[in-house]
Each structure stands twice: as structure tokens, then as C-alpha cells.
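The values are calculated or read from the model by the stated rules, or taken from the named source; none is laboratory data. From a predicted model like this one, the values you see are computed outputs, not experimental measurements. Heads up, the Cβs are rebuilt from the backbone with ideal geometry, glycines too, and the neighbour counts pull from every protein chain shown. For the accessible areas, the whole protein counts, side chains as well, though only heavy atoms, and no ligand, DNA or RNA atoms are used. Shrake-Rupley method; radii C 1.70, N 1.55, O 1.52, S 1.80 Å.
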Amino acid sequence: MKTVFIPVDEVPREPLRILIETNMVKNEIMVTVYNSIFITTSPVQNIVIQSEMNRMLVEHFGGAWIVNEEYVQFTIPFV
């Protein structure tokens, strides 16, 4: 999961921004990461594989994994 927190290595460099929220209604933590390496326009194979591994890990524990052109977002339910 630590790969989510690596900034995109493209010009211009944008700072990595991390937003952590709790949803007490859904009993989950939501983490949104802006400028993550996963949102690069041309990811290399190891980044694609790491993203899939993260998705499977999060989904195994009942969460959701979303990657789009602006951010990476994942949820993890409270235990």
C-alpha cells in the first residue's frame, strides 16, 4: 500500500496531498490521495501490478479501490 503515497514523477511536480476522512454512518475510513504515482498517464507494468495488488487487498477486507485521472481513493471498513 505504500506505493499509493509516492508522488507522480512528471513535470510539473505537484505535491502529494492526502485526505483521510471517517464515515460513521458507513463505518469506514476513506483515504483520498492526489498526485499519486498511480494516476500517471503512462504507467509502467510494475505500477499496474501494484495497483491491482492494492485493489485486491482492499476489496478482500470489504473496502473499495478507485483510481481515476485526479486521485486514488480507497475505503476500509471499521472492525
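Some points to look at:
- Subset of the range 28-51 [under 19 Å from Pro77 (Cα atoms) and within 12 Å of the chain's Cα centre (by Cα)]: Met30, Val31, Thr32, Val33
- Taken over the range 58-79, the criterion of being open to solvent by 80 Å² or more (accessible area, probe 1.4 Å) and not in a loop (DSSP other than H, G, I, E, B) is satisfied by Glu59, His60.
- Within the range 24-44, considering residues that are open to solvent by 80 Å² or more (accessible area, probe 1.4 Å) and under 24 Å from Glu14 (Cβ atoms), the one modelled with the lowest pLDDT: Thr41
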